[in-house]
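Reading through the structure tokens given below for one structure.
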Amino acid sequence: MFFQLVYCSKANQHFTSADLLALLEQSKDYNASKNITGLLLYKDKSFIQLLEGDKKEILDLYREIEKDTRHRQVTRLIEKETDERHFPQWSMGFQHLDEDSDKVQGYSSFMKDTTLLTPERAGEVSELLDFFKLNS
Ligand SMILES: Cc1cc2nc3c(=O)[nH]c(=O)nc-3n(C[C@H](O)[C@H](O)[C@H](O)COP(=O)(O)O)c2cc1C
């Protein structure tokens, strides 16, 4: 079994593609060493990240991420055990969403304002992540 955790947060500064790449470079080795995979979405100073792997490793990493001063309002949306990984190929895939992402169903109510995201809307978050899985 794998443990899957999805959270959202607000960036404390604008992240350029270069900033995101640097963050992912920093994350990739750690995640690979802990057998953690996932996806990071960024748009308009909002993040959604899916992390999957061993439960203890995911919770340890999440505690570190929560403390990171580059973002705030880190809010858990989904926590569940799964049989298979959603993004087995990515130690941390990422999408820096541009305006085209308006095509993504449900986008406008989501990442423009992550304060709208609550655990009750986990189903919609799953759909958004599925979209990226199908289009990756
Ligand atoms: C939105 C966001 C997502 C992050 N995702 C990861 C990640 O998947 N893996 C990782 O090792 N660090 C990630 N980090 C970085 C961690 O918060 C932290 O900087 C990292 O664990 C290194 O900590 P250290 O500098 O104290 O060693 C992320 C940070 C942010 C702001």
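The values are calculated or read from the model by the stated rules, or taken from the named source; none is laboratory data. None of these values were measured; they are calculated from a predicted model. Cβ placement follows ideal geometry from the backbone for every residue including glycine, while neighbour counts extend to all protein chains displayed.
Could we say that D54 is under 19 Å from Q4 (Cα atoms) and of a type in the set (D, E) here?
It is true that D54 is under 19 Å from Q4 (Cα atoms) and of a type in the set (D, E).
Would you say L41 is out of contact with any Pro (no Cβ under 9 Å at 6 or more places or on another chain), surrounded by 19 or more Cβ atoms within 10 Å (Cβ to Cβ) and in contact (Cβ under 8 Å) with a residue 24 or more places away in the chain?
So L41 passes the test.
Would you check which residues across segment 1-32 are of a type in the set (S, T, N, Q), within 9 Å of the ligand (Cβ to nearest atom) and without any contact (Cβ under 8 Å) to a residue 40 or more places away in the chain and list them?
Scanning segment 1-32 gives a single hit, Q26.
So is Q49 of a type in the set (S, T, N, Q), assigned to a strand (DSSP E or B) and either within 19 Å of W90 (Cα to Cα) or at pLDDT 95 or above (or both) or not?
Taking the combined requirement at face value, the residue satisfies it.
So, F47, is that one touching a residue at least 12 places away in the same chain (Cβ under 8 Å) and crowded, with 20+ Cβ neighbours inside 10 Å or not?
Working: touching a residue at least 12 places away in the same chain (Cβ under 8 Å): yes; crowded, with 20+ Cβ neighbours inside 10 Å: yes.
So F47 fits the description; yes.
Quick grid of which residues meet (1) within 8 Å of the ligand (Cβ to nearest atom); (2) in contact with a strand residue (DSSP E or B) (Cβ under 7 Å, 6 or more places away or on another chain); (3) closer than 24 Å to F131 by Cβ:
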position	(1), (2), (3)
E52	no, yes, yes
R63	no, no, no
K67	yes, no, no
L77	no, yes, yes
E81	no, yes, yes
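Looking at the structure I just gave you, is T16 modelled with pLDDT under 95, polar (S, T, N, Q) and exposed (fewer than 13 other Cβ atoms within 10 Å of the Cβ)? Show your work before the answer.
Details: modelled with pLDDT under 95: yes; polar (S, T, N, Q): yes; exposed (fewer than 13 other Cβ atoms within 10 Å of the Cβ): yes.
So T16 passes the test.
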